[in-house]
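The values are calculated or read from the model by the stated rules, or taken from the named source; none is laboratory data. For clarity, every value in this text was computed on a predicted model and none was experimentally measured. When we count neighbours, we look across all protein chains shown, and the Cβ atoms used for this are built from the backbone with ideal geometry, even at glycine.
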Amino acid sequence: METIDQNQHQPKKDKPESSALVDTQNQRDERCIPIDKVGVKGIRFPIQVRDKAREHQETIATVGMCVDLPHDFKGTHMSRFVEVLHSHGNLVHVENIPDILQEMRVKLNADTAHLEMAFPYFMEKAAPVTGKKSLMDYSVVFDASADNDSLDFVLQVKVPVTTLCPCSKAISRYGAHNQRGEVTVAVRFDEIVWIEDLIEWVEASASSELYALLKRPDEKAVTERAYENPVFVEDLVRNVVLRLKGVPQIEWYRVEAENFESIHNHNAYACIESHAR
């Protein structure tokens, strides 16, 4: 018996035409409140930064990208931030940050654009006595913004150090309490300032610098150096500022120091911010 296809002689139905996708972000917002910064954060992306010893080093940055939003727009186009970042290749160089900011302004119809890149920066250090080499990592941030008329760029470096309390040394019969601290230096400049130099100036301002690898002779040297160079948190920021004032290309600085106290249930903090000129 011949099998009849029941659908063979039925008329075909036309497929419904796909409707245009609605661009909700471009809809008008009736609340009339502008937004200073809107965008994306937490993007991990490879970047290339200048290295004083080896010309450059490659690292991984955590990136934030923002623009301003006029009062009459409902939202921004989040995907365009990532498109801009990827349009500059697999590696983002410091030198093309102005181009990235300008492209953000154009593609997102914004007056101002902001870009932040936070990343670990590595330096090889030799122990003071044995000369054993190891890598120290430091936290660095590039904070840049641009509008119609200007570009602002701030370099920030966070440096761990050792500090020994002058008061404790003066009143104690046996030793003095010391602690690890962090110094955060932010600078604006008109000519290049090396990350390595900022780190060196901070470490020279503390009781002692830190190392990733120390053998016993090195530990002895570091401990004794700290004892011979006691500094309050106030001394620490002042010492750093004195060095920054001697650098002609620095226009502005902010120096913060925080000591993670070893005998107190609180931290000690100091900050100096000023124009260098």
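For region 46-60, indicate whether the set of residues that are in contact with an Asp or Glu (Cβ under 8 Å, 6 or more places away or on another chain), of a type in the set (A, V, I, L, M, F, W, C) and without any contact (Cβ under 8 Å) to a residue 24 or more places away in the chain is non-empty. No, that holds for no residue. Checked against (1) more than 22 Å from the chain's Cα centre (by Cα); (2) surrounded by fewer than 21 Cβ atoms within 10 Å (Cβ to Cβ), residue 208 passes all but condition (2). Give region 23-48 a look and list any residue that's at pLDDT below 90 and among the basic types (Lys, Arg), or say none. Result: 28, 31.
Residues of region 87-130 that are of a type in the set (Val, Ile, Thr) and either surrounded by 15 or more Cβ atoms within 10 Å (Cβ to Cβ) or within 22 Å of the chain's Cα centre (by Cα) (or both): 92, 94, 97, 100, 112, 129. Could you check, for region 214-223, whether at least one of its residues is modelled with pLDDT of 95 or more and within 22 Å of the chain's Cα centre (by Cα)? Checking region 214-223: not a single residue is modelled with pLDDT of 95 or more and within 22 Å of the chain's Cα centre (by Cα).
Is it fair to say residue 186 is closer than 24 Å to residue 56 by Cα, modelled with pLDDT of 95 or more and among the hydrophobic types (A, V, I, L, M, F, W, C)? Here the answer is yes, as residue 186 does meet what is asked. Residue pairs whose Cβ atoms lie under 9 Å apart, separated by 6 or more positions or on different chains, with the first residue in region 131-154 and of a type in the set (Lys, Arg) and the second assigned to a strand (DSSP E or B) and loosely packed, with under 13 Cβ neighbours inside 10 Å, are 133/124. Restricting attention to region 145-172 and to residues that are surrounded by fewer than 20 Cβ atoms within 10 Å (Cβ to Cβ) and hydrophobic (A, V, I, L, M, F, W, C), the residue that is farthest from residue 49 (Cα to Cα) turns out to be 171. For region 133-150, residues that are over 24 Å from residue 209 (Cα atoms) and either of a type in the set (Asp, Glu) or in contact with a strand residue (DSSP E or B) (Cβ under 7 Å, 6 or more places away or on another chain) (or both) total 6.
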